[in-house]
């Protein structure tokens with residue numbers, strides 16, 4: 001099973017995901033990222049629409065990037 005990493009990019013800061021998660025495929029990684037963004041937006045400090053979550057694979061190639069837009 002492949003491993004995916006979920007890194008949050010702020011204007012002047014990056015929150016790395018050193019461990020990642022083993023998930024069946026890219027669709028599962030995208031679904032996980034969407035759920036995580038929804039949960040994080042409920043917390044203080046994660047309601048900035050300029051935030052981005054980058055999904056990378058084990059080779060550290062970008063699979064997708066998701067903005068923290070309201071309503072997602």
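Taken together, the values in this text are just the output of simple stated rules run on the coordinates, not laboratory data. Treat the numbers as computed from the prediction; the structure is a model and nothing was measured. Cβ: placed from backbone, ideal geometry, glycine included. Neighbour counts: every protein chain shown.
A compact table of results
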item: Stretch gain in nm, segment residue 26-residue 57, where the contour uses 0.36 nm per residue and the Cα spacing is subtracted; result: 10.3 nm
item: Paramagnetic reach from residue 10 (point 7 Å along Cα→Cβ, amide N under 11 Å) across region 32-67; result: 45-48, 51
item: Taking 32, 4 and counting other C-beta atoms within 10 Å, the order from fewest to most; result: 32, 4
item: Taking N as its residue count, the alpha carbon Rg of the chain over 2.2 N^0.38 Å; result: 1.05
item: Burial ordering of 1, 54, fewest other beta-carbon atoms within 10 Å first; result: 1, 54
item: Fewest-first sequence of 69, 6 by Cβ atoms within 10 Å of each Cβ; result: 69, 6
item: Gain in span if fully extended, residue 69 to residue 1, counting 0.36 nm per residue against the direct Cα distance; result: 21.5 nm
